[in-house]
Structure formats: C-alpha cells, structure tokens
Amino acid sequence: VQLQASGGGLVQAGGSLRLSCAASGSIFSINAMGWHRQAPGKQRELVAAITGRGSTNYADSVKGRFTISRDNAKNTVYLQMNSLKPEDTAVYYCYLRAGLSNYWGQGTLVTVSS
C-alpha cells in the first residue's frame, strides 16, 4: 500500500489549504484514513480521521476550522484547512488503517506565517 500526499505549502494566517492523500496498492478493507501532524520539537498528534462509514474525529485544536472528507471510490482522503494559524505549522502525514496494519504517507509541509 502506498500513500501519496499533496497540497502543502506556505500560507498566511487566516488562509486556507487543502491536503489530499491517495492510496494505491492492494487494499481490501480500509477501516479509516486520516491525518497526523508533527511540529518542530513536538510529538506527532492526530489531526483528523474518518472511517469507511464516514464517522469523523478531530483534534480539539482544529475543530470548526478543518474538515476531513473521503472519496471511497478513489481511496482518497482530503483535509480542508481554513482559518489557519501559525501553530498549525507542521509536517502533515496521512495514514490508512486496514485490518491490523497502519500505513503512512511521506508527509507534506504546511507553513503558516503570521
């Protein structure tokens, strides 16, 4: 299973970005897809996740600003990030959970300037 993330970049505070992550390979049953992030000097943290049935989960720090969605036909997950803050600056990693296995993308850098 390979995950290809895209959409990161530099944006001013208050701006928006949309991240995409496409999964390919032998995928039989996806339990969930989502995003984690890791800021410099900090631990990786969950940002948002979505199950195959569409149930979502968000970190408190992004609720109301970020929206996760998923295209099951394309095995692709999206993260719409609005009202970005400098503290959202991090490398964002998409992940996929299938059965007992977790797969990770390569990470995409999001930088929010003040």
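Return the only residue of 106, 80 being open to solvent by 70 Å² or more (accessible area, probe 1.4 Å) and of a type outside the set (Lys, Arg).
Testing whether each residue is open to solvent by 70 Å² or more (accessible area, probe 1.4 Å) and of a type outside the set (Lys, Arg) leaves just 106.
Considering the stretch 19-49 alone, what residues qualify as being among the small types (Gly, Ala, Ser), in a strand (DSSP E or B) and surrounded by fewer than 16 Cβ atoms within 10 Å (Cβ to Cβ)?
Listed by number, the list holds a single entry, 24.
Within the stretch 50-72, is even one residue crowded, with 17+ Cβ neighbours inside 10 Å and closer than 15 Å to residue 2 by Cα?
no
Residues 32, 90, 48: which one is among the aliphatic types (A, V, I, L, M) and either farther than 19 Å from residue 11 by Cβ or in contact with a helix residue (DSSP H, G or I) (Cβ under 7 Å, 6 or more places away or on another chain) (or both)?
Every option except 32 fails the conditions.
Exactly one of these conditions fails for residue 49: (1) small (Gly, Ala, Ser); (2) without any contact (Cβ under 8 Å) to a residue 60 or more places away in the chain; (3) farther than 15 Å from residue 37 by Cα. Give me its number.
Residue 49 satisfies all of (1) small (Gly, Ala, Ser); (2) without any contact (Cβ under 8 Å) to a residue 60 or more places away in the chain; (3) farther than 15 Å from residue 37 by Cα except (3).
In the stretch 9-32, is there at least one residue being in contact with a Pro (Cβ under 8 Å, 6 or more places away or on another chain) and at pLDDT 95 or above?
For the stretch 9-32, residues in contact with a Pro (Cβ under 8 Å, 6 or more places away or on another chain) and at pLDDT 95 or above: present.
The values are calculated or read from the model by the stated rules, or taken from the named source; none is laboratory data. Nothing here was measured: the structure is a model prediction, and the numbers come from that model. FYI the Cβ positions are ideal-geometry reconstructions off the backbone, even for glycines, and counts take in every protein chain you see. Surface accessibility is based on the protein's heavy atoms, side chains included, excluding ligands, DNA and RNA. Shrake-Rupley method; radii C 1.70, N 1.55, O 1.52, S 1.80 Å.
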